[in-house]
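One structure below.
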Amino acid sequence: MNNEQEERYQKALQLMTDEKWLEASSLLEDLINEQPSDDVTKALVLALYRAKQYARAFVYFAEQAEVFTGDKGHARLAVHLLLHNQSYIAARLFITDLPLDWQDEFETLIAEAEQTAEEKFQTTIQTALRSFYHLGDCPLNEQQERLGAARQLPLKEYLTGAQFLLRDPYAHQLIKAALVDTLRQLGVDQQMALRWLDAREYTINPAKLSAIEELPVVQELHRELADRLANHNPSEYQLAGQELQMQLMLLYPLIEEKVTDPAGWVNCLIGRIRGAASEAQPAILAVQRQLGQVIDDLGEKP
């Protein structure tokens, strides 16, 4: 910040000391638009929170949520802000990377807020849960919107809806994969049934899963693809990389089960990109054709 901006920042801090929250937030909003910084973000979110401008505070918090993880006071502010916005699942996700002793305290806060919501807003929660349940009745863009809205459900209701949707043949596989990944991050340690694209049901335990990029088979696929194309055909490498990433999203959390031969998988993928006949194993061809149809359908959406 230049001298003039620093003066305004100090004035805003003084206004906060005097509990003139709205005046302070006005100054800080101007500053953050001119010269974004972590300190201004934290001060602005606090000022808006104290002014009970929870929705506005959430917008600025969401842009830089990571800056609220460095000390317990700002982490607590973030949790309270999320709870004031009824973002129970987002609050639980926020605390997952915090120190364990902080997590214990904040999880208690979240659980208490969820219990209060279940008592006070039962009708609203049940309406939101029904919308979540029937997500599969909608086109993909609306499924994604409903999935995001479901993060305002308490954990118990979120799990109820998630377990139903993982078996719903009409919920898109990308939605199911995103659900599974959220449950993994939440550390949900229970067996669940997942109906995949092949109409078979698989048993998964989200807490036992790894993130996509942490899987050794995924790292091997990326290495294999890079070895084949990175230095020989960069444009084809980029295209194949995008296709592979979409395949992995559709395969999750069954990547290790479906991709047992990374070299053969990459051969088949390159053949698909080139529109050439592939000599890959029939099992690989069958799965990639299935994935390819879903990916092609996505490309046809307006």
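Read the figures in this text as sums done on the coordinates, not as results from a lab. Since the structure is predicted, the reported quantities are computational estimates derived from the model, not experimental observations. Glycine gets a Cβ as well: all are built from the backbone with ideal geometry, and neighbour counts include every protein chain shown.
What is the chain by shape, rounded, prolate or oblate, if you read a ≥ b ≥ c off the alpha carbon gyration tensor as root eigenvalues and call it rounded for a/c under 1.5, prolate for a/b larger than b/c, and oblate otherwise?
Prolate, because a/c is 1.5 or more and a/b exceeds b/c.
Compute the distance in nm between two label points, each set 7 Å from the Cα along the Cα-to-Cβ direction, one at Gln35 and one at Ala276.
5.7
Non-local amide H neighbours of Tyr202 (under 5 Å, H modeled in plane, Pro and chain starts lacking H): which ones?
Those qualifying (amide H under 5 Å, at least 5 residues apart or on another chain) are Leu194, Arg195, Trp196.
Would you kindly state the longest site-free stretch of the chain, with sites defined as GluC sites (Glu not before Pro) in a DSSP loop (not H, G, I, E, B) surrounded by at most 13 other Cβ atoms within 10 Å?
Longest site-free region, per DSSP loop and neighbour criteria: 20-278.
At 0.36 nm per residue, and after removing the present C-alpha to C-alpha distance, how many nm does the segment from Glu23 to Arg76 gain when stretched out fully?
Stretched out fully, the Glu23 to Arg76 stretch lengthens by 16.7 nm.
How would you classify the stretch 35-98 from its alpha-carbon gyration tensor, with a ≥ b ≥ c the square roots of the eigenvalues: rounded for a/c under 1.5, else prolate if a/b is greater than b/c, otherwise oblate?
Note, shape of the stretch 35-98 comes out oblate.
Relative to the Cα centre, what is the charge dipole magnitude of the stretch 130-208, using +1 at the beta carbon of each Lys and Arg, -1 at the beta carbon of each Asp and Glu, and rounding to the nearest 20 debye?
160
Of the chymotrypsin sites (Phe, Trp or Tyr not before Pro) in the stretch 82-183, which ones lie in a loop per DSSP and count no more than 15 other C-beta atoms within 10 Å?
Loop-located and lightly packed - Phe121, Tyr170.
Label points 7 Å out from Cα along the Cβ direction at His84 and Glu256: separation in nm?
Label at His84, label at Glu256, 4.3 nm between them.
Treating only the Cβ atoms of Lys and Arg (+1) and Asp and Glu (-1) as charged, compute the dipole magnitude of the chain about its Cα centre; round to the nearest 20 debye.
About 800 debye.
In the stretch 31-94, which trypsin sites (Lys or Arg not before Pro) are in a loop and have at most 14 other Cβ atoms within 10 Å, using DSSP for the loop call?
Answer by residue number: Lys52.
Please report the spacing between the Cα centers of the stretch 153-195 and the stretch 212-248 in Å, no decimals.
Going from one Cα centre to the other spans 28 Å.
Relative to the longest principal axis of the chain, what angle (0 to 90°, nearest 10) does the C-alpha long axis of helix 38-50 take?
The two axes meet at around 70 degrees.
Quick check: pseudo-label points 7 Å beyond the Cα along Cα→Cβ at Asn233 and Lys156, how many nm apart are they?
If labels sit at Asn233 and Lys156, their model points lie 5.6 nm apart.
Which whole-number percentage describes the relative contact order of the chain, with Cα contacts under 8 Å and a sequence gap of 6 or more?
9
What is the stretch 3-120's relative contact order, in percent, from Cα pairs under 8 angstrom and six or more apart in sequence?
Worked out over the stretch 3-120, it gives 16 percent.
With point charges of +1 on the Cβ of Lys and Arg and -1 on the Cβ of Asp and Glu, referenced to the Cα centre of the chain, which listed residue (Gly70, Gln10, Gln122) lies farthest in the positive direction of the dipole?
Gln122
With a 10 Å Cβ neighbour count serving as the proxy for reagent exposure, in which order, fewest first, do Thr127, Thr41, Thr203 appear?
Ascending number of Cβ neighbours within 10 Å: Thr203, Thr127, Thr41.
Answer rounded, prolate or oblate for the stretch 130-208, using the Cα gyration tensor with square roots of eigenvalues a ≥ b ≥ c: rounded when a/c is under 1.5, else prolate when a/b is larger than b/c, else oblate.
Because a/c hits 1.5 or more and a/b fails to exceed b/c, the stretch 130-208 counts as oblate.
Using Cα pairs closer than 8 Å and at least 6 residues apart in sequence, work out the relative contact order for the stretch 130-208, in percent.
The normalised contact order for the stretch 130-208 reaches 26 percent.
As I understand it, the dipole of the stretch 212-300 uses +1 on the Cβ of Lys and Arg and -1 on the Cβ of Asp and Glu, about the Cα centre. Which of Ile284, Val218, Leu251 lies farthest toward its positive end?
Ile284
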